[in-house]
Amino acid sequence: MEQSALLTYLILIPFAGSIILFAFKEKHAQLIRWFGLFVSGLAFILSLVIYFSFDAAKPGFQFTHKVLWIDSLNVSYHVGADGISVLLILLTTFITPLTLLSSWKSIQKKVKMFTIMMLFLEVGMLGVFMSLDIFLFYIFWEVMLIPMYFIIGIWGGEQRIYASVKFFIYTMFGSLLMLVAIIWLAVYASEVTGSFTTDLLELYKIGPTIARDTQNWMFLAFLLSFAIKVPLFPLHTWLPDAHVQAPTAGSVILAGVLLKMGTYGMLRFNLPLFPQSAMQYAPFISVLAVIGIIYGALVAMVQTDMKKLVAYSSVSHLGFVVLGIFALTEESIQGAVIQMVNHGLSTGALFLLVGIVYERTHRREISYYGGIAKLVPVYATAMMIASLSSIGLPGLNGFIGEFLILLGSFKSQSLDSWWFVIFGATGVIFAAVYLLWMYERVFFGKVTNPKLESELTDLNKRELLVLIPIFVLIVWIGIYPSTFLNLTEVSTQSILQHVSSFTINLLN
Amino acid sequence: MIDYIYLTVLLPLLGFLINGLLGPKIKNEKLIGIIGSSTVGISFLVVLFALIQTVGLPADQRTNVVELFTWLNVAGLNIKFAYLVDPLSLTMAMVVTGVGFLIHVYSIGYMHGDKAFWKFFAYLNLFIFAMMNLILGDNFVVLFLGWEGVGLCSYLLIGFWYEKNFEKGTVPQAAKKAFIVNRIGDFGFLLGMFLIYSTFDSLNFLDVFSKAEYFPVSEATFGLIAIFLFIGAKGKSAQIPLFVWLPDAMAGPTPVSALIHAATMVTAGVYMVARASIIFASAPAVMTVVAVIGMLTAFFAATIGLVQNDIKKVLAYSTVSQLGYMFLALGVGAFSAGIFHVMTHAFFKALLFLGAGSIIHSMHEEQNIQKYGNLKKYMPKTFITFVIAAFAISGFPGLSGFFSKDEILWYSYANGNLFFWIVGAITAVLTAFYMFRLVTLTFFGKERFNKSEKHPHESPAVMTIPLMILAFLAVVGGYIGIPEIFSGEHGNVFHNWLMPVFAAADRKMAVYGTHTHLEEIVLMVISVAAALGAIYAAYIIYTKRIEVANKTASKLKGLYTTLFNKYYVDEAYEFAVIKPIQKGSEKLLWKFFDVKIVDGIVNGAASLVDVVSSVIRKMQTGVAQFYLIIMSLGIALVLFWIILSL
């Protein structure tokens, strides 16, 4: 395979940026902000270069870069990207500068540390999406917990300590089991091939040969770790706390990118490494996914806190993604991948918007607001667009993902029942209920709270600058999704071919 | 012009963008109104020329597809933004752009002085954009784009005056209700699409329909697809049990009620069923369901209409009822009769609503017909056009409603059975009665309002001219569909025009028994005579014998209050569906399951670790001797274990 260091450069940019930032003086807050924006902007530009030099028609990983790292364990620094990786890398580098820009005013204490953490977080996220060595993957996966822990714990709300510890321990718990599975895999590889290896591409060949009983345990160990991250019902209770307590930028990154690491892990590890187990557990996982769709929506409906409402809606939306992955059809997985991006955009936008009024009023309760469409019309329009995108209105992005997922799941052979889709599709109704109800109570009617008239001001130029790129993508994906679907088509097909080559006899 | 049909989609979109983005800066109402109206007006001309061009083609070449670009291309799914130009879509497009244009013009007068005048026109244009996608889309997904798009516009426009109260609740609540009930229907529609895709491997109309005719697909599968699609149609077209949103939709400005909630959007369900006629025709059992639901909706909505006092409410229930007729027609396989009624209904019902708007305007937002009276004196143009529409909807011979309604009644008997006809005919009588109750209470008798407070006046020309054009259409619109009994074999122009679209469905359906012309004449005479009697009775009762109405109401108090409260359907939904879901989600799912169970386990595990470690911690005494004892014990245990396992 052709080697290319492009991806390594991409990781190095935010990494170097965060190192350099240590040399800055805390009092130069404005300079630090601009520097952070510059660095993350640079990373975005480089990821665009990667996007344009990526050949979507070729199967396999491109821009691979392999350097032997730990000789005795045969662990390498091995990165590479297929279409799915490229898409999620783009999402990461797209969201990061926007969150930095959104924190321009809201983060006033320890700006230097905050910017360092955000850039460091970007390193971890990018690493996760490009690692082709499971040991390396595990490092990035864990590394990324640290900045997030601090972001919630230092810049969060009143209960930030509880939330950050809960977040940390929940995820840590899952990861440990994954680590055990990783070690077991490496040992197994040395038994089969004679050499210890953690290289993903090698393990793709070995994983499916593991005896079914053991394979199931391996599968479940990986799954638990990813399911917590997604989060899949009933492992979701860290999410509302983390989201509500995190600063806006943290929530946006959390919803926009971090949760996708779970679903990405399922696609990258669970399916190809343990295809037989994936096929066996597909109905079980899909049941949890569908429960999550409905449960998340119903609980979102009765929330009194706007941020918590959006947080629970994530449980519902990610349920769609998991359903799409385990339906194991091309339509549904393509839908799941695009839905990862969609959720990042629409939920990201919702968190940004909730954060914008919070910055002005320091209140998140729905009941504090009422009739504000009259006071802040531009803001109201922006919230309407973000809500409609989240509701899945055709013509906007959310529809494309949900439609493909449900369409594919309906004819899925691994699920082999319409009930998944029949129940899952009710999420379409409930999404309209909880978002429009929130919208009605916050924006419509008469202005109920006279304080709002002085507190609220409409979106300023900086906030528009953050939101408009997201809205452009929301419409773009809604009208012309081919740009993105073409990118992931071949990668999706190769995952499916790989899985079906091992499971074809299981279906009958 | 067929090749340029996409202009009818793009122009309204352009109008939406211009008025939506620049509206607050333009400020000039006239300019905003002209921009909004002209995009629809030009679209109408494009449709007209495309229609003329299509008429000029031989009957078997009248189906053309105009492709723009690929929307979704995943695995076997290939969805294009492509528009299907055929007799059915052209007919619908003529109505939507034609009536739509008139209502845009009328709105310039009606919305004059509103602080969000620009927004109103932006939304109206967005609606036309979505509606044209719905009608012209060459596949189910583009249709669905329009389908949900019109739902959104309906939501935005019902909630247009979002600060106001509406009946027991608020305007935004009515808007939300419309959107959500529609979404319940959309849920069915989605499932229908999934089943179509998994059955036919396509969602493209021409592809699916040609396969539907020849593929060996079981009747059960057809039945399920048809049921799913019909659930979708019920939501959009307000049929039992999903009709509850439409009366509340009257919270929106009256031109919206005319355009969206009478003439165009609510007929989308009828259009969709007609478009998928081959699927429905392949599922005879579902056809019967469609007919029965249509019949029941027509009847029950009409009974509610008898006792309502809000002028828009009467018209809303009338719309539900007329939509029921259309489904009755579809259900008995008279697809072109259903579409014919869509068209004539668009003329006279839009006219009735715009007339109502004109009245409400001049009566300072008063909507209670009990507080009107003798308005014919003050607003003659509104009066004459309104009465024409009332006669048309009542099926007065020679007017448009006569031809379309009579055709439906006839087919409900000829293709269906006598029972369908009887309920249909009774509904026609009820329709005539409630319409003329409305007309009489509004325009005749004495003024029942305070003349020193209210000064009714005729509306400006920008509003009355659209009324007159619609009145003209309500009179002559029926003559393109003169039934064969009068026009001779194959003399029904409208039927012949749509024939190629429904040919496959006609082939599929069973051959029906033949009926004589005499039967048709007799049934027609009976229903018309009864309707005329009802008109006369309504006029007499509400001008001279008002005590008859009051006595009947007090004598049948139970029935009256049941009807007045719309059979308590809203209350039943609130009690049986909405409250349980809300309470259950809050108390059971969130506060119990999430907080107590899941977090209980999580936090419990954490405190368990805490407790255990606080116990173990005590062993860390710092006394070296203690550690030594423990160590020796450990070594002993290990040794013991090794010895045992030897």
- Task: Would you mind computing, in nm to one decimal, how far apart the modelled labels at residue B:486 and residue A:180 are, each placed 7 Å from Cα along Cα→Cβ?
- Result: 8.5 nm
- Task: Work out from phi, with θ = phi - 60° and the Karplus expression 6.51 cos²θ - 1.76 cosθ + 1.60, the ³J(HN,Hα) of each residue of the stretch A:268-274, listed in order in whole Hz, and give x for Gly and Pro.
- Result: 7, 10, 4, 5, x, 6, 10
- Quick one: net charge around residue A:223, please, counting Lys, Arg +1 and Asp, Glu -1 for every other residue with C-beta under 13 Å from its C-beta. +2
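Taking a 1.4 Å probe, which of A:317, B:490, A:65 shows the most accessible area, and what order do the others take after it?
Working: A:317 10, B:490 120, A:65 35 Å².
Descending accessible area places them as B:490, A:65, A:317.
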- Item | Solvent-accessible heavy-atom area per residue, rounded to whole Å², over the stretch B:570-645 at 1.4 Å | 79 Å²
- Item | Positive minus negative residues near residue A:105 (Lys, Arg vs Asp, Glu; Cβ under 13 Å) | +3
- Message: Below 13 angstrom from the Cβ of residue B:579, what's the summed charge of the other residues (Lys, Arg +1; Asp, Glu -1)?
- Response: -2
- Message: To make sure I understand the rule: partners must be lysines, Cα under 24 Å from the Cα of residue A:205, and not fewer than 8 residues away in the same chain. Which ones qualify?
- Response: A:58, A:66
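Just reorder A:439, B:536 by solvent-accessible area, largest first, 1.4 Å probe, all chains present. Write out the running numbers ahead of the final one.
Details: A:439 10, B:536 150 Å².
From most exposed to least exposed: B:536, A:439.
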- From the cross-link list B:115/B:376; B:27/B:176; B:25/B:115; B:176/B:596; B:176/B:591; B:176/B:236, which pairs have alpha carbons spaced over 22 Å apart? B:115/B:376; B:27/B:176; B:176/B:596; B:176/B:591
- Give the calculated FRET efficiency between residue B:21 and residue B:620 to the nearest 0.05, with a Förster radius of 60 Å applied to their Cβ-Cβ distance. 0.30
- Item | residue B:530 paired with residue A:505, simple spin-label distance in nm, labels 7 Å along Cα-to-beta-carbon | 7.1 nm
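Give the ranking of B:245, B:590, A:419, A:69 by solvent-accessible surface, highest area first, calculated with a 1.4 Å probe. Walk me through the numbers before you get to the answer.
Working: B:245 0, B:590 30, A:419 155, A:69 120 Å².
Output order, biggest surface exposure first: A:419, A:69, B:590, B:245.
Rounded to a whole number, what is D in µm²/s for the stretch B:570-645 from Stokes-Einstein with the Kirkwood radius over alpha-carbon pairs (20 °C, 1.002 mPa s)?
Numbers: Rh = 17.6 Å.
For these conditions, the coefficient is 122 µm²/s.
Can you give me the % of accessible surface on chain B that is carbon or sulfur? Probe 1.4 Å, all protein chains present, nothing else counted. Working shown, then result.
Working: 17530 of 25010 Å².
Carbon with sulfur: 70 percent of the solvent-accessible area.
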- Task: Put one equal scatterer on each alpha carbon of the protein assembly as shown, apply the Debye formula with no solvent term, and list log10 I(q)/I(0) at q = 0.08, 0.09 1/Å to two decimals.
- Result: -0.88, -1.07
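Accessible area per residue for the stretch A:374-482 in Å², computed with a 1.4 Å probe and the full protein assembly in place, what is it?
Working: 3760 Å² over 109 residues.
That works out to 35 Å² for each residue.
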- Task: With a probe of 1.4 Å, find how much accessible area the stretch B:139-564 has per residue, and write the answer as a whole number in Å².
- Result: 32 Å²
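Could you pull out every whole DSSP H run in chain A that spans at least 18 Å of Cα extent along its own axis and averages 0.5 or higher on the Kyte-Doolittle scale?
Numbers: long enough: A:6-21 (23 Å, 2.30); A:29-53 (36 Å, 1.69); A:83-102 (29 Å, 2.03); A:111-130 (29 Å, 1.88); A:160-193 (48 Å, 1.43); A:212-229 (25 Å, 0.47); A:275-301 (38 Å, 1.43); A:306-327 (32 Å, 1.29); A:330-361 (46 Å, 0.60); A:377-391 (21 Å, 1.35); A:397-410 (20 Å, 1.41); A:419-443 (36 Å, 1.52); A:461-479 (26 Å, 2.02); A:482-503 (31 Å, 0.27).
The answer, listed by residue number, is A:6-21, A:29-53, A:83-102, A:111-130, A:160-193, A:275-301, A:306-327, A:330-361, A:377-391, A:397-410, A:419-443, A:461-479.
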- Item | Set of aspartates and glutamates with alpha-carbon distance to residue B:381 below 17 Å, sequence-local pairs under 8 removed | B:458
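Can you pull out the GluC sites (Glu not before Pro) in the stretch A:157-212 whose DSSP state is coil and whose Cβ has at most 12 other Cβ atoms within 10 Å? Don't skip to the answer; put the middle values down first.
Details: sites: A:158, A:191, A:202; in loops: A:158.
Sparse-neighbourhood loop GluC sites (Glu not before Pro): A:158.
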- Taking R0 as 56 Å and r as the Cβ-Cβ distance between residue B:562 and residue A:451, the FRET efficiency 1/(1 + (r/R0)^6), rounded to the nearest 0.05, comes to 0.75
- Task: Kindly tabulate the residues in the stretch B:564-584 with an accessible-area decrease of at least 30 Å² between the chain alone and the assembly of all protein chains, using a probe of 1.4 Å.
- Result: B:581, B:582
- Task: Quick one: go through the stretch B:602-623 and flag any residue whose amide nitrogen is under 16 Å from the point 7 Å out along the Cα-to-Cβ line of residue B:632.
- Result: B:623
- Which FRET efficiency value, to the nearest 0.05, do you get for residue A:66 and residue B:114 by plugging their Cβ-Cβ distance into 1/(1 + (r/R0)^6) with R0 = 51 Å? 0.15
- Query: Can you pull the percent of the stretch A:192-341's accessible area that's carbon plus sulfur, 1.4 Å probe, other chains left in place?
  - Reply: 67 percent
- Taking the stretch A:396-508, the equivalent ellipsoid from its C-alpha gyration tensor has semi-axes in Å, biggest first, of 41, 21, 9
- Item | Under DSSP loop assignment and at most 13 Cβ neighbours within 10 Å, longest GluC sites (Glu not before Pro)-free interval of chain B | B:1-364
- Cα extents of the stretch A:98-175 per principal axis, largest first, Å, are 39, 26, 16
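The values are calculated or read from the model by the stated rules, or taken from the named source; none is laboratory data. Nothing here was measured: the structure is a model prediction, and the numbers come from that model. Note: ideal-geometry Cβ built from the backbone for every residue, glycine included; neighbour counts use all protein chains shown. When the accessible area is computed, the model is the full protein with side chains, heavy atoms only, and any ligands, DNA or RNA have been set aside. Shrake-Rupley method; radii C 1.70, N 1.55, O 1.52, S 1.80 Å.
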